[in-house]
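Written below as structure tokens is the structure these notes are about.
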Amino acid sequence: MGSIDGTRPSLVVSAGMSTYDIAVLPGDGIAPEVVAEAQRVLDAAAGPVLNYREHPCGANCYLETGDPLPPATVEACRDTDAVLLGAMGLPDVRWPDGTEMRPQVDLRFLLDLYAGVRPIYLYAEHHSPLKGYGAGDIDFIILRENVEGLFASMNGGIQVRDETAVDSMVITRSGTERISEYAFKLAADRQAERAANQRGARETHVTCVDKANVFKSMAFFRHVFDGVAAGTDIHADHAYVDAMSLHLVRRPESYDVMVTENMYGDILSDLGAGLVGGLGMAPSGDIGVDAAVFQPSHGTAPDIVGQGIANPTATILSAAMMLRWLGHRHDDASAIAAAGRIDVAVTEVLIEPGTGTPDIGGTMKTEELGRAIAAAATH
């Protein structure tokens, strides 16, 4: 998924193995527990050498230092090869205006991580609340424009006394063009991968999800999308965001790559996660031209901290996304192969009913599941 983002020469050690510096932001709540299992699996997958360097960030960092995202952490993320990030924020640690600490979102803006890639994939039939869907039948990507839309008002909304509050939707031509171009390149990559792996005849297409029938900003988003679509040979279509909420529940197999405004993508990606076992099964990558951050889509779940029942799968799959992005960025076959081993390992471990953590109907502990996937990834 990083193949469209320019290239930098990879670092090579004397043995011929690539090596990368990975900034690790362990996060709050359950995040350190699941990040530890992702690192376990990365090491077991026998890909490139990964040098982990932890940096403080999050609500607990704010309590300790007065800053949830220290400048030194931002610079470390900017200068490293990739970032593995745990969930951040705690419900009782808030700014004076009532909003929670959100350093992971701030980081997207600071590093211009414009492409929010949210894969939704069903690994086992018993994970889905929908009847009749087996492993691989649900397989689509929600692509969020990550630094515009309603989130652009995050630090600039207006509140007048205790009476009125206003946030604005911001859509630019350049921002919409680059996320649309990313969507079509992503679809083309998926098409090529399916052809190479003989994975059936699923239609490759990109769906623009908007509310163009009501909002001028969304009509503009669609107009710019259509301009990009006209220059490709990938099929393009449209859907209103409210209708898409219905379609994803009734026929999720109909979709391949969806591109949407920031807030709409945030909402739909949670809905999508619900189709495949919940947020514990939902990885993500926030990708820009010069940097990328990989993290689970779930939150910090402070109610289960220390119980050993958090699902590490989303973080493990995010780590696999990181390897694949590094592999494409540096033309590193070892990283791409290791990512593939992790994907296969997750399938092998979770395909049987009763495996996994309690959120997906299993009885395994966090570390137990991490160790099982790590063992499978060494095959």
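Every number in this text was worked out from the coordinates using simple rules, so none of it is lab data. Just so it is clear, the structure is predicted and the values come from calculations on it, not from any experiment. Glycine also receives a Cβ, built like all others from the backbone with ideal geometry; neighbour counts cover every protein chain displayed.
Using only the alpha carbons of the stretch 110-263, determine the length spanned along each of the three principal axes and report them from longest to shortest in whole angstroms.
Largest to smallest, the principal-axis extents are 58, 38, 32 Å.
How many angstrom lie between the Cα centre of the stretch 218-283 and the Cα centre of the stretch 107-180?
Taking the Cα centre of each part, the stretch 218-283 and the stretch 107-180 sit 10 Å apart.
So how do 286-293, 362-369 stack up, highest first, on mean other-Cβ count within 10 Å?
On the way: 286-293: 20.9, 362-369: 18.6.
So the order, starting with the most tightly packed, is 286-293, 362-369.
Compare PRO68, PRO358, PRO283 in a GNM of the chain, Cα atoms joined below 10 Å, and give the one with the largest fluctuation.
Of PRO68, PRO358, PRO283, the Gaussian network model singles out PRO358 as fluctuating most.
Taking only Cα atoms and a 10 Å spring cutoff, compute GNM fluctuations for the chain and point out the largest among GLN295, GLN104, GLN307.
GLN307
What translational diffusion coefficient, to the nearest whole µm²/s, does the chain have by Stokes-Einstein, given a Kirkwood radius computed over alpha-carbon pairs, a temperature of 4 °C and 1.567 mPa s viscosity? Write down the numbers at each step before the final one.
Values: Rh = 21.1 Å.
Result for D is 62 µm²/s.
To the nearest 0.05, what FRET efficiency results for ASP137 and ASP290 with a Förster distance of 41 Å applied to their C-beta separation?
Values: r = 37 Å, r/R0 = 0.89.
The computed FRET efficiency comes out at 0.65.
What is the distance, in nm, between label points placed 7 Å from the Cα along the Cα-to-Cβ direction at THR65 and at THR232?
Using points 7 Å along Cα→Cβ, the separation is 3.9 nm.
Checking the cross-link filter: which aspartates and glutamates have an alpha carbon closer than 18 Å to that of LYS365, excluding same-chain neighbours under 8 positions apart?
GLU33, GLU37, ASP303, GLU348, GLU352
What distance in nm separates the simple spin-label points at ARG53 and ALA337, each placed 7 Å from Cα in the Cβ direction?
Those two pseudo-labels are separated by 2.8 nm.
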